[in-house]
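The values are calculated or read from the model by the stated rules, or taken from the named source; none is laboratory data. Model, not experiment: these values are computed from the prediction. Cβ coordinates were reconstructed from backbone atoms using ideal geometry, including for glycine residues, and neighbour counts include every protein chain displayed. With ligands, DNA and RNA removed, areas are computed over all heavy atoms of the protein, side chains included. Shrake-Rupley method; radii C 1.70, N 1.55, O 1.52, S 1.80 Å.
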Amino acid sequence: MATYGNVGEFKESEESWTQYMERLEQYFAANEIKDEKKQRAILLSVCGSKTYGLIRDLLQPQKLELERLEREGIISPVEFSEWAAPIVPVAKPNGTVRICGDYKLTVNHLSKLDNYPIPKTEDLLATLGGGEKFTKLDMSRAYQQMTLDEESRKFTTINTHKGLFQCNRLPFGVSSAPGIFQRTMENLLQGIPQVIVQIDDILISRKDNNNHIANLEAVLKKLSEAGLRLRKEKCFFMVPDITYCGYEINGCGIKPVQAKVEAIQNAPVPENVT
């Protein structure tokens with residue numbers, strides 16, 4: 001069968017991964033190649049060896065993540081949708097991927113989004129004055145713990161290599177998701193002193209151990225009552241110093257994480273005006 005055009009290797013300096021995958025989808029559509037097995041068979045010749053390896057390495061973790069999401073009821077298969085958006089798999093340090101929807105042409109573009117403000121880290125940290133020890137709690141897959149109502153689910157449909165799936169929980173990629181989650185967590189934990197929250201990161205501090213433990217128990221009770229889960233391996237309890245949102249915090253004060261500023265400190269001196 002004759003084919004038209006070519007896709008070539010992915011070049012990050014020229015386009016985003018999403019744009020590249022859109023070009024690849026357009027190539028298959030233009031050549032009327034709908035069968036997944038046929039698409040995989042010609043992928044090497046169409047994309048080149050480097051990009052082929054990248055796509056291959058992403059597809060297996062992507063397949064496993066989709067299976068987990070479906071198994072846990074976070075997504076459900078659907079036969080058709082007027083709102084299907086492509087996915088953007090984001091590689092994570094542990095070798096898994098996060099499935100995000102590329103909603104820029106669907107729900108993000110057409111809906112009136114929740115613009116609840118995310119507080120500045122500096123403003124949040126100002127409330128921790130006097131704290132000697134710190135507890136940091138990290139939410140497990142934060143957005144996916146929030147259930148969507150039935151009417152909203154159709155707008156979050158994603159288009160994957162395994163077909164269409166409708167999201168039953170708040171998905172990654174919706175522009176208003178951070179604001180929705182921030183507002184929910186602030187309302188949940190309001191009234192507990194020296195507790196700050198920035199989306200899925202909660203930080204607790206008090207001047208003495210007894211009050212610290214009382215605060216921690218109050219927070220954990222609120223989270224339990226709401227049915228929210230934490231990621232144990234990312235939680236730290238009553239430590240003298242902690243890293244939070246790019247800052248190192250201890251009883252003496254706050255300073256930026258050194259690794260975050262090394263690129264600026266080690267930048268070469270400009271040699272010309274350009």
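General remarks:
- Inverse mean reciprocal Cα-Cα distance (Kirkwood Rh) of region 7-136, Å: 18.4
- Relative to the Cα centre, the charge distribution of the chain, modelled as +1 at Lys and Arg Cβ and -1 at Asp and Glu Cβ, gives a dipole magnitude of about 540 debye.
- Region 54-91: GluC sites (Glu not before Pro) falling in loop per DSSP and having at most 13 other Cβ within 10 Å: E72, E79, E82
- In this structure, the amide hydrogen of G48, modeled 1.01 Å from its nitrogen in the peptide plane, lies closer than 5 angstrom to no residue at least 5 positions away or on a different chain.
- Karplus (6.51, -1.76, 1.60) ³J(HN,Hα), θ = phi - 60°, over region 25-31, in Hz, Gly and Pro reported as x: 5, 5, 5, 4, 5, 5, 9
- Prolate/oblate/rounded label for region 124-263 (Cα gyration tensor, a/c 1.5): prolate
- Here the Karplus curve 6.51 cos²θ - 1.76 cosθ + 1.60, taken at θ = phi - 60°, turns the phi angles of region 84-98 into couplings of 5, 10, x, 9, 10, x, 10, 5, 10, x, 8, x, 8, 10, 9 Hz, with x standing for Gly and Pro.
- The helix-based estimate of mean residue ellipticity at 222 nm for the chain, built from -39,500 (n - 2.57) per DSSP H run of four or more residues and divided by its residue count, is -11000 deg cm²/dmol to the nearest 500.
- Here the chain is treated as a sphere whose radius is the Kirkwood value from Cα pairs; by Stokes-Einstein at 25 °C and 0.890 mPa s it diffuses with a coefficient of 113 µm²/s.
- Element breakdown for region 21-122 at a 1.4 angstrom probe: carbon and sulfur atoms account for 55% of the accessible area.
- Two-decimal log10 I(q)/I(0) for region 73-206, as the Debye equation yields it once each C-alpha is a single scatterer, q = 0.11, 0.12, 0.15 Å⁻¹: -0.48, -0.56, -0.80
- Anchor K260: aspartates and glutamates whose Cα lies under 12 Å away (excluding residues fewer than 8 positions away in-chain): E248
- Too-long pairs where the Cα-Cα distance tops 20 Å, listed order kept, from K136/K255; K162/K232; K34/K162; K37/K63; K11/K63: K162/K232; K11/K63
- When the square roots of the Cα gyration tensor eigenvalues are ordered a ≥ b ≥ c, the ratio a/c for region 186-247 is under 1.5, which makes its shape rounded.
- Carbon plus sulfur fraction of accessible area for region 136-225, probe 1.4 Å, in percent: 45
- The charge dipole of region 35-173, taken about its Cα centre with unit charges on the Cβ of Lys, Arg, Asp and Glu (plus for the first two, minus for the last two), comes to roughly 540 debye.
- Under 5 Å from the amide H of R169 lie the amide H atoms of L148, each residue being 5 or more positions distant or on a separate chain, with H modelled from the backbone and absent for Pro and chain starts.
- Taking amide H atoms as placed 1.01 Å from N in the peptide plane, the amide H of Y247 lies under 5 Å from those of V257, each 5 or more residues away in sequence or on another chain.
- Per residue, in Å², the accessible surface of the chain once ligands and nucleic acids are set aside, probe 1.4 Å: 61
- Taking a ≥ b ≥ c as the square roots of the Cα gyration tensor eigenvalues, region 125-164 comes out prolate, since a/c reaches at least 1.5 and a/b is larger than b/c.
- Remark: region 149-154, residue by residue, has Karplus-estimated 3J(HN,Hα) of 6, 4, 5, 7, 5, 5 Hz, where x stands for each Gly or Pro and the curve is 6.51 cos²θ - 1.76 cosθ + 1.60 at θ = phi - 60°.
- Considering only N209, P178, F134, the residue lying farthest towards the positive end of the dipole of region 90-226 is P178, judged by Cα position with unit charges set on Cβ.
- Degrees, to the nearest 10: 49-71 long Cα axis against longest axis of the chain: 60
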